[in-house]
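Following: one structure in structure tokens, then a few remarks.
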Amino acid sequence: MACNLTKGRNITCRDGIGGIKAIYLVQHDELTSYVAASGELTDLDLGSGDDIYKYLLKRGTGSITETVNASSENGTVFYTHSVNVVLHDLTKEDQNEIKLLAQQRMVIFAELNQLSSGGKNKIIAMGLDNGMELSAGTNQSGAALGDLSGYTWTFEGQEPNPMQVVADYTTTPFDNAAFTFNAVVTS
């Protein structure tokens with residue numbers, strides 16, 4: 001049977017850390033191929049000239065969640081991926097970009113604060129098969145001086161597979177030899 005268990009799990013050291021440092025967005029239709037096996041993304045190919053867009057986050061303003069959705073009655077299982085981010089400051093450039101984000105399906109990579117065994121930030125890939133969509137958000141300026149002036153966005157996707165851990169990079173995220181794309185755009 002293809003769904004036999006393969007391992008157990010011990011209690012890990014208390015060396016984990018939560019939160020995400022950045023998200024990276026790729027238009028889903030620009031993803032030409034990927035290779036993921038045993039929970040790890042080892043190859044990623046975008047079309048010629050296609051970019052990865054980086055959104056830096058302030059500490060404590062981003063999170064990812066994966067929910068397992070299983071039905072014993074139907075014999076089905078799928079995974080709901082969710083990304084929540086807060087971006088400070090309302091700008092005309094962001095106002096224009098949010099309209100584009102709301103119209104796209106994306107692959108989202110989350111750079112975690114947690115380190116891999118190789119000492120690099122772990123990166124998680126979500127939406128590889130069906131894409132992630134901007135499903136909710138607010139653009140706001142609060143009443144008090146200390147209130148948020150900025151954006152709160154939620155991206156969601158439903159996938160046949162769990163989120164994938166991206167293979168460790170060498171120096172900077174996505175410098176993996178098997179990854180093919182144009183550039184990482186930060187502004």
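The values are calculated or read from the model by the stated rules, or taken from the named source; none is laboratory data. Just so you know, these numbers come straight off a predicted model, no measurement behind them. Positions of Cβ are backbone-derived with ideal geometry, glycine not excepted, and every protein chain shown enters the neighbour counts.
The table below gives the values:
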read-out: Lone unmet requirement of (1) closer than 16 Å to Gly62 by Cα; (2) assigned to a loop (DSSP other than H, G, I, E, B); (3) of a type in the set (Asp, Glu) for Glu156; value: (2)
read-out: Failed condition for Thr32, given (1) among the β-branched types (Val, Ile, Thr); (2) in contact with a Ser or Thr (Cβ under 7 Å, 6 or more places away or on another chain); (3) without any contact (Cβ under 8 Å) to a residue 24 or more places away in the chain; value: (2)
read-out: When residues of region 163-175 are limited to those that are touching an Asp or Glu at 6+ places or on another chain (Cβ under 8 Å) and part of a loop (DSSP other than H, G, I, E, B), the one modelled with the highest pLDDT; value: Met163
read-out: Count - residues of region 106-135 that are in contact with a strand residue (DSSP E or B) (Cβ under 9 Å, 6 or more places away or on another chain) and either aromatic (Phe, Trp, Tyr) or within 29 Å of Asp15 (Cα to Cα) (or both); value: 18
read-out: Any hit, region 155-164, residues being in contact with a Leu (Cβ under 8 Å, 6 or more places away or on another chain), among the aromatic types (Phe, Trp, Tyr) and surrounded by 11 or more Cβ atoms within 10 Å (Cβ to Cβ); value: yes
read-out: Which listed residue, of Ser82, Ser116, Ser135, is touching a Phe, Trp or Tyr at 6+ places or on another chain (Cβ under 8 Å), in contact (Cβ under 8 Å) with a residue 24 or more places away in the chain and hydroxyl-bearing (Ser, Thr, Tyr); value: Ser82
